[in-house]
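Structure first, then comments.
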Amino acid sequence: MNPSGKVAFYTLGCKLNFSETSTIARSFREMGYTRVEFEDQPDVFVINTCSVTENADKKCKALVSKALKISPEAFIAIIGCYAQLKPNEIAAIPGVDLVLGASEKFNLPLYIKELRKNREAEVHACEIASVDTFIASHSKGDRTRTFFKVQDGCDYSCTFCTIPLARGKSRSQSVEATLATARKIVAEDKPAEIVLTGVNTGDFGRHNGESFLALIQELDRIEGVARFRISSIEPNLLSDAIIEFCANSNKFVPHFHIPLQSGSNRILRLMRRRYQRELYTERVEHILQRNPETCIGVDVIVGFPGEREEDFIETYNYLNELPVSYLHVFTYSERDNTLAAEMPDSVPSDVRARRSQMLRILSEKKKRAFYENQLQKTLPVLWEGENDQGWMYGFTSNYVKVKTPWNPELVNTITPFRLEEIAADGLVQGEILQYQPA
C-alpha cells in the first residue's frame, strides 16, 4: 500500500451516506492517504451508493465511467446500499476493483492491498441478516453543519423499499454512548449545527429499552453547539412528547421532515405504511399549534402500483390543503426483491412523470408561500462556507434558505437576519442586524 496515495469520494443519496463517507475518509487519512477531489486524478475512487431509486443505480455506473476517463489506472471501490443489494452486478461493471457491503465498508482501507487495478472485482458482502453492529458516523469538514448518524437499519416492511435489505435490522448505540460521540464532535469540530440522521431515526433505542425522546432530551443539555436538527422522522414515531419537547427546546430547531408517501389511505395500506392519513394530519396540526412558524417537509411517492387517478388527486388535494412547507417528490421505480415490484396495475411511466411534475410545482408554491410568510421577520441564520460568485448562503432555524454578499467572517456563525424580499432565484435576501458567535 502506498501511504502517499490520493483518494477521492463521491456520495450518492441521503445525509446518512454523507456521514458514513466522511467517517470512512478519516480512516483513509489515518493510513496516510490524501483526500482530493474526484477530478484530481486520484489513485483510489470510492463511490458510496444509494439504491432508493433506479436513477441512483444508473448514476453509479456513470460515475465509474467518469472515473476511468479521469484516471484509467485508478483503483475503484463501490460501497453502500447498491453494493449490498447487487454486489455481483456491480462487480461486472468494467473498471470496478472492489465491492463492499453493509458491514465491510467501514474497513475499506484494509481491503486495498496495493494501488493498482484488479484483474476482476473482489466482492465482500455478507448476508444482511447477519449485520447487527452499529458503527457511529458523522461528517467532518465537509459542510458547515455536521451530519451525525444515531441509528441504522429498519425493521419495517414497506412494500416499495429495499433499505432493510441493504442496511439490515434497526440498531443504535445507547444514549450514553451516543452522547459521548456528540460531545467529541462538539469538542473537536465545533459545529454550529448537528443534524441527527438515520434510516428510521425515531426508532432509536427501541432495542435497548431506551427512546429517541430520551436521546434528544440529553442532547439538548450539551454545551457548545447552538442547534440540533432532526433530519427525518416517521409520523407514527413522532409522538406528542417529542413535539412538545422540541417546541420548548432552545437547541432543537422548528423544522420537521415527515414522510407521508401518499395521501390515499388505500395506497398507504398497499405500501404497508404504519399509519393512515388522519394520524399524519394530527401530527401536522399539533406541530403548528405549538409553533406556527415551524417548517414541515413531506416525502411523497407518485405512481405506486395500483395508484388510480382518483388516488393521486386525493393525494394532491390533501397536500394542497395541508399547511406544510415543501415536498420531496419521488417517482416510483420498481426495485428487485420488493413486494411492490410484483403488484398488478403498474402505472405507465408517462403518467408517473406527469404526476411527479404536478407535485413538484405544488411544492414550489408551498415553499414560496412559506417563505412569504416569513418576510419582515428577524430569524437566526447559520452561514455556510461557499462563495458562489460573490454570494453566500445560509439557513434560518426554520429552514428558509437566504443569501447575502460574501463575507468570510460570517462562515459558520449565526447572526440575526431580517428577511426582506424573495429574489429572482427564489432565495430570501435581507439585512444582517448584528454578529452573534455560533
If one computes the Cα centroid of the stretch 310-360 and of the stretch 264-280, what distance in Å separates the two points?
13
Sequence-distant residues sharing a close amide H with VAL123 (under 5 Å, placed H)
VAL99
What is the fewest-to-most order of THR201, THR415 by other Cβ atoms lying within 10 Å of their Cβ?
THR415, THR201
Amide proton proximity set for TYR326, modelled H, under 5 Å, gap of 5+:
ILE296, VAL298
What shape does the stretch 6-126 have by the C-alpha gyration tensor, where a ≥ b ≥ c are the square roots of the eigenvalues, rounded means a/c under 1.5, and otherwise prolate means a/b greater than b/c and oblate the rest?
rounded
With charges only on Cβ, +1 for K and R and -1 for D and E, what is the dipole size of the chain about its Cα centre, in debye, rounded to 20?
280
Between ARG354 and GLU285, 0.36 nm times their residue separation minus their Cα-Cα distance comes to what?
21.9 nm
Amide hydrogen neighbours beyond the local backbone of VAL195, cut-off 5 Å, H modeled:
THR146, PHE147, PHE148, ARG229
Report the label-to-label distance for ASN107 and ASN373 in nanometres (one decimal), using points 7 Å from each Cα along the Cα→Cβ vector.
5.1
Residue by residue, what Karplus-based ³J(HN,Hα) values in Hz, rounded to whole numbers, does the stretch 237-245 have, using 6.51, -1.76 and 1.60 with θ = phi - 60° and x for Gly and Pro?
9, 7, 6, 4, 5, 5, 4, 5, 4
Scattering curve values for the stretch 137-374, log₁₀ I(q)/I(0), Debye with Cα scatterers, q = 0.11, 0.14 Å⁻¹
-0.61, -0.97
Given charges of +1 on the Cβ of Lys and Arg and -1 on the Cβ of Asp and Glu, with all other atoms neutral, how large is the dipole of the stretch 378-432 about its Cα centre, in debye to the nearest 20?
140
Using 7 Å Cα-to-Cβ label points, what is the ARG418/ASN320 separation (nm, one decimal)?
3.8
For VAL36 and SER65, FRET efficiency with R0 = 22 Å and r from the beta-carbon atoms, rounded to 0.05?
0.70
Per-residue HN-Hα couplings for the stretch 176-192, Karplus 6.51 cos²θ - 1.76 cosθ + 1.60 at θ = phi - 60°, whole Hz, x for Gly and Pro?
4, 5, 5, 5, 4, 5, 4, 5, 5, 4, 5, 5, 8, 9, 6, x, 7
Report ³J(HN,Hα) in whole Hz for each residue of the stretch 201-217, in order, from the Karplus equation J = 6.51 cos²θ - 1.76 cosθ + 1.60 where θ = phi - 60°; Gly and Pro get x.
3, x, 7, 3, x, 4, 7, 9, x, 10, 8, 5, 4, 4, 5, 5, 4
Listed residues ILE258, ILE230, ILE70, most fluctuating in the chain (Gaussian network, C-alpha, under 10 Å):
ILE70
Over the Cα atoms of the stretch 209-298, compute the convex hull volume and normalise it per residue, giving Å³.
95
How long is the gain from LYS190 to ARG308 if the chain were fully straight, where each residue apart is worth 0.36 nm and the alpha carbon distance is subtracted?
37.5 nm
What are the semi-axes of the equivalent ellipsoid of the chain, taken as the square roots of 5 times the eigenvalues of the Cα gyration tensor, listed largest first and rounded to whole Å?
33, 29, 22
Added length on full extension, which subtracts the Cα-Cα distance from 0.36 nm per residue, LYS58 to ILE93:
11.5 nm
Dividing the surface of the Cα convex hull of the stretch 281-373 by four yields a projected area in nm² of 6.6
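Coordinate-derived values only; no laboratory data. The structure displayed is predicted, hence computed values, not measured ones. As a convention, Cβ positions derive from the backbone with ideal geometry for all residues, glycine included, and neighbour counts pool all protein chains shown.
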